[in-house]
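All remarks here apply to the structure that follows.
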Amino acid sequence: MSELSLCLPFLRKALLTVTLVLFYYCFSIGITFYNKWVMKNFHYPIFMTLIHLVMIFTFSAMSRTFASWWTGKSPICLSWKLYMKRVAATALATALDIGLSNWSFLFITVSLYTMTKSTAILFILFFSIVFRLERLRPWLIMVILLIAGGLFMFTYMSTQFNMKGFILVLVASFLGGIRWTLTQILTQKADLGLQNPIDTMYHLQPLMFIGLFPLFLINEGLSLSASEKLFRFQETSTLLYMVFVMATGGVLAFGLGFSEFLLVSKTSSLTLSVAGIFKEVCTLVLASHLLGDQLSTLNWLGFAMCLSGISLHVALKVIYSEDASKDKMTNKIHDMTMTEVGMELLLKNGQANEDSDEEDVIYQ
């Protein structure tokens with residue numbers, strides 16, 4: 001009976017973790033294949049991204065309103081000066097990362113996109129070191145070599161390689177490194193109050209929209225205004241279909257951000273990192289079976305090497321985090337011990353002074 005009572009919490013925790021990971025996979029893998037599917041017939045990725053941003057902002061605003069009504073607390077709202085000073089750079093990097101990623105689907109396969117996008121960790125490491133969020137350690141060089149070597153093997157002699165799409169997603173990965181580094185700084189600033197990702201998404205979307213809109217006007221504005229799929233539609237059913245398709249993408253985009261937050265809050269960031277590794281594998285396998293992406297043995301070896309680098313990074317980060325936690329605990333215990341010793345000496349000195357006073361009284 002006691003063993004059963006001990007196993008039940010573990011099983012409940014394991015079931016919750018698996019459920020949340022699957023929930024995250026549905027949105028993450030789903031939006032990847034959704035973007036590729038939409039780009040086959042609708043060649044306006046930046047416009048699609050703008051629609052998604054509007055929907056994410058709307059859902060975030062609704063969530064904040066509901067949370068405010070439920071808790072009775074007013075939602076966080078930054079001043080314009082603080083908003084432009086602290087949020088603008090993060091919003092611009094995020095907008096370009098997402099916009100260029102969606103744009104790349106016009107030219108490359110899901111497999112090449114997945115593999116190239118996984119190199120974002122290289123740029124995250126680079127900018128983490130630049131902004132002093134991470135210390136330069138010897139093992140980082142090994143991580144960089146494994147991921148860079150894996151990318152080279154994956155793209156070398158690839159039959160479905162496209163240079164334009166590859167450059168777009170590689171630039172998106174570079175911007176992703178800036179994006180996530182700045183996002184970490186943004187969410188860790190206690191004075192901003194943006195620790196809740198819903199608040200972060202709410203504040204990012206307007207500037208993201210403004211940042212992408214000029215790019216949309218230059219590249220897609222004129223073409224889209226003459227397209228029969230939206231503004232010059234011939235049948236109402238065509239317009240309703242496209243509205244439904246765009247709305248579906250918006251729901252997936254919001255669900256992805258929400259599922260990531262839910263997974264981290266209920267488990268840990270380590271769980272998200274490990275789940276992300278297996279997600280890349282699932283995406284690649286599904287792309288080869290469902291979309292017919294052609295992968296050679298060398299491509300698979302390159303992908304395995306890249307995953308090895310990411311896995312090494314995650315594992316060593318956990319080890320260093322545990323060591324740092326132990327050091328903090330040791331220092332805390334040491335400080336407590338020194339405090340207790342100091343108190344003991346203080347009490348002894350006080351007792352000695354009292355005894356000395358008593359002797360003086362007796363002598364007198």
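Just subtract the alpha-carbon distance of Lys266 and Phe233 from 0.36 nm times their residue separation and send over the number in nm, one decimal.
7.3 nm
What accessible area per residue comes out for region 1-102, rounded to a whole number of Å², with a 1.4 Å probe?
I get 59 Å² per residue for region 1-102.
Rounded if a/c is under 1.5, else prolate if a/b is larger than b/c, else oblate: which is region 1-147, with a ≥ b ≥ c the root eigenvalues of its Cα gyration tensor?
rounded
Holding the Cα-Cα limit at 26 Å, pick out from Lys36/Lys279; Lys13/Lys36; Lys36/Lys229 the pairs that are longer than that.
Those over the limit are Lys13/Lys36.
Mind counting lysine pairs for me in region 63-212? Cα separation below 22 Å, and the two need to be 8 or more apart along the chain or on different chains.
The result is 4.
Classify region 92-150: rounded, prolate or oblate, from the alpha-carbon gyration tensor (a ≥ b ≥ c, eigenvalue square roots; a/c under 1.5 rounded; otherwise prolate if a/b is larger than b/c)?
oblate
Can you give the FRET efficiency for Trp69 and Ile185, using 1/(1 + (r/R0)^6), R0 = 25 Å, r = Cβ-Cβ distance, to the nearest 0.05?
Efficiency, rounded to the nearest 0.05: 0.25.
The values are calculated or read from the model by the stated rules, or taken from the named source; none is laboratory data. Because the structure is a prediction, the values reported are computed rather than measured. Because the Cβ atoms are built from the backbone with ideal geometry, glycine has one as well, and the counts that use them run over all protein chains shown. Note: areas computed on protein heavy atoms with side chains; ligands, DNA, RNA excluded. Shrake-Rupley method; radii C 1.70, N 1.55, O 1.52, S 1.80 Å.
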